[in-house]
1. Hey, can you tell me all the residues within region 65-108 that are part of a loop (DSSP other than H, G, I, E, B), surrounded by 12 or more Cβ atoms within 10 Å (Cβ to Cβ) and modelled with pLDDT under 95?
2. Between residues in region 8-20 that are farther than 16 Å from residue 81 by Cα and residues that are surrounded by 10 or more Cβ atoms within 10 Å (Cβ to Cβ) and at pLDDT 95 or above, which pairs lie under 6 Å by C-beta distance while being six or more apart or on different chains?
3. Would you please name the residue that is farthest from the chain's Cα centre (by Cα), looking only at residues in region 17-49 that are in a loop (DSSP other than H, G, I, E, B) and exposed (fewer than 12 other Cβ atoms within 10 Å of the Cβ)?
């Protein structure tokens, strides 16, 4: 499955207020789910000495899937496809790497 296929499938399961004209809902959901990924990693650091077990990895992967779902929903709201976003991001990173600015700070480096 590629990103655009995922986006189309995820969109079939998207049910939220004013869908199609509501970028706020998936943005807030994305933040919440990213926080859940961070929370699980934090607990691995606290409780498991930083060692990620197969079970914990599976739990984290589920949360990453939720992050992906909200990314798909936000792309849908913005009228863009995930594959284009991915391609543009890699192009940006390659350009920064070629210019030696990948480790810098700021959006327009």
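The values are calculated or read from the model by the stated rules, or taken from the named source; none is laboratory data. Bear in mind that the values here come from a model prediction, so they are computed numbers and not experimental data. A quick note on method: Cβ atoms are made from the backbone with ideal geometry, for glycine too, and the neighbour counts reach across all protein chains shown.
1. Of everything in region 65-108, those that are part of a loop (DSSP other than H, G, I, E, B), surrounded by 12 or more Cβ atoms within 10 Å (Cβ to Cβ) and modelled with pLDDT under 95 turn out to be 101, 102.
2. Listed by first residue and then by second, the contacts come to 16/25.
3. If we take residues in region 17-49 being in a loop (DSSP other than H, G, I, E, B) and exposed (fewer than 12 other Cβ atoms within 10 Å of the Cβ), then 49 is farthest from the chain's Cα centre (by Cα).
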